Amino acid sequence: MLFRSTTASTNEECRAALDLIVDGRVDAGSLVETRFDLASAPAAFELAASGQALKVLISPWPEGDHGPKA
């Protein structure tokens, strides 16, 4: 499997963005346009590759479950 990603952000910009999310000033969840469960990953990749969605999330956990608790 080949994964590709790009970013034009510096480490400092990423830290600033994370701080905005942690402080509650940015709702990161609202930036995700479409969510897929793990079984639907092929459809998620197809949608992302089509350019019809900017941010697509694939979650290994059922809807509403955000994974292991820290």
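The values are calculated or read from the model by the stated rules, or taken from the named source; none is laboratory data. This one's a predicted model, so the numbers in the text were calculated from it and none came from an experiment. All Cβ positions, glycine included, derive from the backbone under ideal geometry; neighbour counts span all protein chains shown. Side chains included, ligands, DNA and RNA excluded: accessible areas come from the protein's heavy atoms. Shrake-Rupley method; radii C 1.70, N 1.55, O 1.52, S 1.80 Å.
Which length gain, in nm to one decimal place, applies between SER40 and THR10 when the Cα-Cα distance is subtracted from 0.36 nm times their residue separation?
Roughly 7.6 nm would be gained on extension.
Pick out, in residue order, every one of the GluC sites (Glu not before Pro) in segment 6-54 that is DSSP loop and has at most 14 other C-beta atoms within 10 Å; say none if there are none.
In loop regions of segment 6-54 (DSSP not H, G, I, E or B), the sparsely surrounded GluC sites (Glu not before Pro) are GLU33.
Sort SER9, SER30 by heavy-atom solvent-accessible area, probe 1.4 angstrom, most to least.
SER30, SER9
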